[in-house]
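In what follows, a structure is listed as structure tokens, so that the remarks can point back to it.
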Amino acid sequence: MVQKIKLFTILLLFAFLTPFIFSDSIENYKITQEVNLNEQVKIFGLFQDSNALNSNVLCSFYFLTDQNRLIDRGNDIYTDGSGYFSNSFIVTEPDFLRDNNYTARVVCDNAENTAEFQIMQKRTNEQFLSQEFDFMTNSDNTNGVLSVGFALLILIIPILIIWGLWKVFT
């Protein structure tokens, strides 16, 4: 009976430790740290499989905000014969805003790794106003913009009438 308990304990311990000892990993993960808009973020690394099956493994690329919200996806690629992967992605507005930090996550099989990069260009008032104008004139947003505009008119017109009457009679 004691032998069975020892054997069961050893098997149970091995079952819990196996994922930590024999797990997939992404090593030597590198990314362009500082990038300007309309330029490429370059990503590369080495996928290491616990069973030494490093080649032809599908890797997916995700771009996230600093709050871990998904912005965009890069093209999925396969590792080469040694397990290396490399990919590039062009960052553009309005998805990627100037002077912000973002995270690039790569997932290969059961392994994943992340690294941060920063958009280096500063935002000017012109870009800010252009982005706001694009938002207001986007066909998906016009109903909301018009609703808020009409609500403001309904509030402003009576105030202007009362103000005008007050100016006339005082």
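The values are calculated or read from the model by the stated rules, or taken from the named source; none is laboratory data. No experiment lies behind these values; they were computed from the predicted model shown. In this analysis, Cβ positions are derived from the backbone assuming ideal geometry, glycine residues included, and neighbour counts consider all displayed protein chains.
Quick notes on this structure:
- Only residues that are among the acidic types (Asp, Glu), at pLDDT 75 or above and loosely packed, with under 11 Cβ neighbours inside 10 Å were counted across the stretch 120-163, and they come to 2.
- Pairs with Cβ under 9 Å, 6+ apart, first in the stretch 33-49 and more than 19 Å from Asp99 (Cβ to Cβ), second of a type in the set (Lys, Arg): Lys42/Lys30; Ile43/Lys30; Phe44/Lys30; Gly45/Lys30
- Among the conditions (1) at pLDDT 70 or above; (2) not assigned by TED's automatic domain parsing to the domain that holds Phe96, Ser55 misses just one, which is (2).
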